[in-house]
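Written out below as C-alpha cells is the structure these notes cover.
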Amino acid sequence: MGLQPLEFSDCYLDSPWFRERVRAHEAELERTNKFIKELLKDGKNLIAATKNLSAAQRKFAHSLRDFKFEFIGDAETDDERCIDASLHEFSNFLKNLEEQREILALSVTETLIKPLERFRKEQLGAVKEEKKKFDKETEKNYSLLEKHLNLSAKKKELQLQEADNQVEQNRKHFYELSLEYVCKLQEIQERKKFECVEPVLSFFQGLFTFYHQGYELAKDFNHYKMTLQINIQNTRNRFEGTRSEVEELMNKIRRNPQEHKRANHFTMEGYLYVQEKRPAPFGSSWVKHYCTYRKETKKFTMIPFEHRSGGKVGDEELFILTYCTKRNIDTTDRRFCFDLEASDRPGVPVTMQAFSEEDRKLWMEALDGKEAELYLLRTFKKFHSLKNAIVYFLRGAQLDKIGFTVIKKCISAVETRGINDQGLYRVVGVSSKVQRLLSLLMVSCLESLPEPLMTYELHGEFIIPAKSGSPESRVNAVHFLVHKLPEKNKEMLEILVKHLANVSKHAKRNLMTVANLGVVFGPTLMRPQEETVAAIMDLKFQNIVVEILIENHEKIFKTLPDATLPEPISMSVSPPNAPPRQSRRQGQRIKRPLAVYNLCLELDDADSHSSPREDTPTGSMDSLSSQSPTPAFSSSPPGLLDGNHLITDSGDLAGWTTSLVALRKARAVYPCEAEHSSELSFQIGAIFEDVQFSREPGWLEGTLNGKRGLIPQNYVQFL
C-alpha cells in the first residue's frame with residue numbers, strides 16, 4: 001500500500017488521521033530530497049574525481065539501486081512500474097560499464113546536475129516553504145481560536161462580533177492555505193517520478209557515447225531508453241490529466257465544502273472543546289477533542305488531540321448518547337455550548353463547546369438535540385464552462401435510437417473527413433463542422449448519459465485487472481466484464497471502440513496513439529460514482545482499460561468469454577442488494593433539444609455523399625422524443641439515418657438491439673424473494689438453466705424448476 005491520497009474535504013475537518021497522512025507525504029518528500037541531494041553529490045564526483053572513477057560509479061549505482069519511489073493509491077500502472085524499476089536497471093548498466101574501465105568525459109552538468117538541482121530547488125524547495133507557512137498558520141489559527149473561545153460572553157456585543165469576524169477571516173485563510181498545501185504535496189509526489197528519472201535517463205544516454213568498447217551495450221540501452229521514454233511520456237500524459245481533475249475538484253470543494261463532504265459512516269464528526277471538571281478550587285479546563293457520532297447506534301467517541309504539541313493523540317473514549325440539550329449563555333460564561341448525557345452516567349452531563357454558532361447547530365441537529373434547528377447550506381451553482389452548459393443542455397441523452405444515430409453520424413463524419421487531422425479529439429480539427437459535431441454531440445452525448453457507458457456497477461471490477469496481473473489475464477478479465485454490460489451499453493461501446501481502433505491505425509498522421517486515445521476517452525467511458533482524489537488517482541487505470549479495449553476489440557466484442565477461465569475478482573464479497581428493476585412499461589422519453597437534430601441534418605447537407613437535406617418540421621420533435629408506436633416523421637425527408645434505414649418509430653428498436661447472448665448454467669450465491677410475478681424466488685445453491693442477459697439492465701433471464709423468469713445478476717455465479 002502506497003501513500004494515502006489527501007482529500008481536500010479533510011482540510012476542513014483537519015482530523016488527526018489527516019495530519020498523519022500529511023506527515024507521511026512530508027516524510028516521503030524529505031526522503032526524496034535527501035536522495036536527490038546524494039545523487040547530485042555523486043554526479044559531481046564523476047566529474048571531479050577521474051582517478052576515483054570506479055569507486056564513484058559504484059556508489060552512484062548503489063544510490064540508484066537502493067531507492068524506490070512511493071506511489072499514491074493501492075497500485076501502479078505498467079508504465080509506473082517500469083519507471084520504478086528503471087533505477088535498478090540503471091544500476092546494472094553501471095556495473096557492466098565498470099568492467100571496461102574507460103575514462104569518461106561527460107557533460108554531466110547540463111544533463112544531470114542542473115535539472116535535478118532545479119527540481120530540488122524549485123519544486124521541493126517550494127514545498128518546504130509551503131510547509132513553513134502551513135505550520136505557522138496552524139499555530140496561529142488554533143491559538144487565536146482558543147483565545148477567542150475564552151472570551152467571556154458578557155463582553156459587549158460589538159466586541160464579540162468583531163472577534164467573531166476576525167476568527168472567521170483567519171479560519172478561511174487557514175483553509176485556503178491548507179488546500180493549496182495539500183494540492184502541492186500531491187502534485188510533487190506525482191511529478192517527482194519523471195522529473196527525477198528523466199535527467200538520469202539523459203545522463204545515461206550521454207554516458208554510453210563516450211565508451212569505446214560499449215557499442216553492444218549501448219544498443220541494448222538504446223532499446224531500453226525508447227521503452228522508458230514511452231513509459232515516462234504515458235505517465236506524464238496521465239499526470240497532466242490527473243492534475244487538471246484534482247485542481248477542478250479542489251476548486252469545487254473550495255467553492256462549497258459542505259456539498260463535497262466525503263461519504264462515511266459517521267452522522268457528524270469534527271472538533272469540540274470538552275469541559276473537564278477538577279476538584280475545588282481548581283475549577284475546570286477545556287480540552288480539544290476530535291468527536292464522531294453515529295445516529296444509528298447512538299455511539300459518540302472523543303479523542304483528545306492537540307495540533308500544537310506535534311499532533312499527539314490521546315486515548316479514545318466511547319459512550320452511548322441518551323440526550324443532548326443546548327446551553328444558554330446565562331448558564332455558562334462560554335458561547336456555543338451544549339450538554340450530552342451518556343447512558344452509563346445518568347445525571348452527569350458533559351459540556352461541549354463548538355467552534356461557532358453554525359457549528360453548534362450542525363451538532364445539535366445530528367444529535368437530535370433540544371432546540372436543534374435544521375441548518376443546511378445550499379448554493380446555486382452556475383455553469384463554469386461551455387462544455388458544462390452543453391452537458392446540461394443534453395442532460396436527457398439515452399441509449400436509444402436517437403443516441404445511436406448521433407454517435408454513428410459523428411463517427412461517419414470523422415472517418416470520412418477528419419481521421420488524419422493531427423490531435424484529433426484533443427485540439428480543434430481542420431473542419432469546423434467536424435469540430436462542432438464532436439464537441440456538441442459525440443462527447444456530450446456520452447458524458448450526459450444517466451451513468452457512464454461502462455456503468456457505475458462494474459467500474460471497480462474494470463479497474464481491478466488494470467492494476468495487476470499479466471497482459472493476457474487483463475484482456476481475459478476485461479473480455480468477461482464487457483459481456484456483463486447491459487446489451488445496449490455493450491453495443492454502443494463496440495461501435496465506439498471499433499472507431500477508436502480505426503483512428504489509432506492512422507496515428508502516424510493524426511498522432512492519436514492508443515495511449516493518447518485512452519487518456520481522452522478513459523474519463524468519458526468510465527466514471528466512479530463518488531468524486532474524490534482517490535478516484536482521480538485511478539484515472540490512469542481507466543485509460544489502461546480503454547487501451548485494452550482498443551487493442552483487443554476483435555476478440556472482446558466478436559467472441560464470447562472463455563467459460564473455462566475463472567471469473568475476475570469482485571469488488572466485494574458481502575451480500576448485495578437487489579438491483580433496481582427498470583420499468584418495463586412504456587413511458588415518455590426525455591425530449592432532446594432541437595439543435596441536436598438540426599445539427600445532424602446540417603451534417604447531411606454538408607456531406608457530398610448524403611442525400612440533399614430538406615427542412616425538418618419542428619412539430620415532429622414530440623413524436624421523435626416519445627415511445628409512441630406512431631411514426632416520428634409522417635412525411636419527412638431523410639434525416640437521421642442508420643445506413644439506408646430511416647428511423648421512424650419505436651418498432652425500429654428491435655433492429656437496433658442485438659440478440660441475447662446464451663450463457664452457461666448459474667448457481668445462486670444469495671437467497672432472493674420475488675417481488676413481481678416475472679421474477680424467480682430461490683434459495684442459496686439453486687441451479688439455473690439456459691441463463692441469458694435480460695434486456696433490463698442488472699438482470700438475467702433463466703429457468704428454475706421448469707419456470708422461466710428474471711434473476712438479479714449479482715445474486716448468482718456462472719458455472
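Rounded, prolate or oblate: which fits the stretch 131-255, taking a ≥ b ≥ c as square roots of the Cα gyration tensor eigenvalues, rounded meaning a/c under 1.5, else prolate when a/b beats b/c?
prolate
What FRET efficiency do you get for Asp315 and Glu358 if R0 is 45 Å and r is their Cβ-Cβ distance, rounded to the nearest 0.05?
In this case the efficiency is close to 0.90.
Solvent-accessible area of Lys136, probe 1.4 Å, all protein chains present, reported in Å² to the nearest ten, please.
Looks like 150 Å² after rounding.
Suppose each label sits 7 Å from its Cα in the direction of the beta carbon; what would the Ala153-Tyr215 distance come out to in nanometres?
Once both label points are built, they end up 9.0 nm from each other.
Rg and Dmax of the stretch 193-250, using alpha carbons, in Å: what are they?
15.7, 54
Mind jotting down the distance between the C-alpha centroids of the stretch 151-204 and the stretch 207-253, whole Å?
31
How would you classify the stretch 482-559 from its alpha-carbon gyration tensor, with a ≥ b ≥ c the square roots of the eigenvalues: rounded for a/c under 1.5, else prolate if a/b is greater than b/c, otherwise oblate?
Verdict is oblate for the stretch 482-559.
If you count only protein heavy atoms with a 1.4 Å probe, what accessible area per residue comes out for the stretch 667-719, rounded to a whole Å²?
Each residue of the stretch 667-719 exposes 50 Å² on average to a 1.4 Å probe.
Take the residue pairs Lys131/Lys225; Lys132/Lys184; Lys136/Lys193; Lys59/Lys184 and return only those whose Cα atoms are more than 24 Å apart.
Table pairs above 24 Å Cα-Cα are Lys131/Lys225; Lys136/Lys193; Lys59/Lys184.
At 0.36 nm per residue, minus the direct Cα-Cα distance, what do Lys555 and Ala126 gain on full extension? Give it in nm, one decimal, please.
Gain in length upon complete extension: 149.5 nm.
The values are calculated or read from the model by the stated rules, or taken from the named source; none is laboratory data. Since this is a predicted model, take the numbers as computed values, not measurements. Cβ coordinates were reconstructed from backbone atoms using ideal geometry, including for glycine residues, and neighbour counts include every protein chain displayed. Just the protein is used for accessible areas: all its heavy atoms, side chains included, with ligands, DNA and RNA removed. Shrake-Rupley method; radii C 1.70, N 1.55, O 1.52, S 1.80 Å.
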